[in-house]
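The structure appears below as structure tokens.
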Amino acid sequence: MDNEATYLCDSCGEEIVIPLDPSSGTQQEYVEDCPVCCNPNVIHVDWLDDEARVWAEPEQDHF
């Protein structure tokens, strides 16, 4: 099972490593500020079996 994953920040293009928590459900969504540029991203995590699919989108595009 994956313990961490990466996503690309839409604002600065940096690859960001995040920890994964499979106990939080098979579909997760939360807001996290990029540690490089401080812009908020909506992080999506979908679990299929023991593999996580992770992507992000800018918060202003989501809400």
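The values are calculated or read from the model by the stated rules, or taken from the named source; none is laboratory data. This structure is a prediction, so every number in the text was calculated from the model and none was measured. Positions of Cβ are generated from backbone atoms using ideal geometry, with glycine treated the same way; all protein chains shown enter the neighbour counts. For accessibility, only protein heavy atoms count, side chains too; no ligands or nucleic acids. Shrake-Rupley method; radii C 1.70, N 1.55, O 1.52, S 1.80 Å.
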Exercise for review: Considering Cα pairs under 8 angstrom that are at least six residues apart, work out the relative contact order of the chain and quote it in whole percent.
Suggested key: 32 percent
Practice item. Working with all protein chains in place, sort Leu20, Leu8 by solvent-accessible area computed with a 1.4 Å probe, largest first. Key: Leu8, Leu20
Point to revise | Cβ-based net charge around Asp46, under 13 Å, with every Lys or Arg adding one and every Asp or Glu removing one | key: -4
Practice item. Could you go through region 15-26 in sequence order and give the Karplus-derived ³J(HN,Hα) for each residue, using 6.51 cos²θ - 1.76 cosθ + 1.60 with θ = phi - 60°, rounded to whole Hz, and x for Gly and Pro? Key: 8, 10, 9, 10, x, 10, 10, x, 6, 8, x, 7
Practice item. Kindly sort Tyr30, Tyr7 by accessible area of their heavy atoms, largest first, with the probe set to 1.4 Å. Key: Tyr30, Tyr7
Study note, to complete from the structure: Toy charge model, Lys and Arg Cβ at +1, Asp and Glu Cβ at -1: the chain dipole around Cα centroid in debye, rounded to 20, equals 80 debye
Point to revise | Of the GluC sites (Glu not before Pro) in the chain, those whose Cβ has at most 16 other Cβ within 10 Å and which sit in DSSP loop | key: Glu14
Review point. Can you give the helix-only mean residue ellipticity at 222 nm for the chain, where every DSSP H stretch with n ≥ 4 adds -39500 (n - 2.57) and the sum goes over all residues, rounded to the nearest 500 deg cm²/dmol?
Key: -1000 deg cm²/dmol
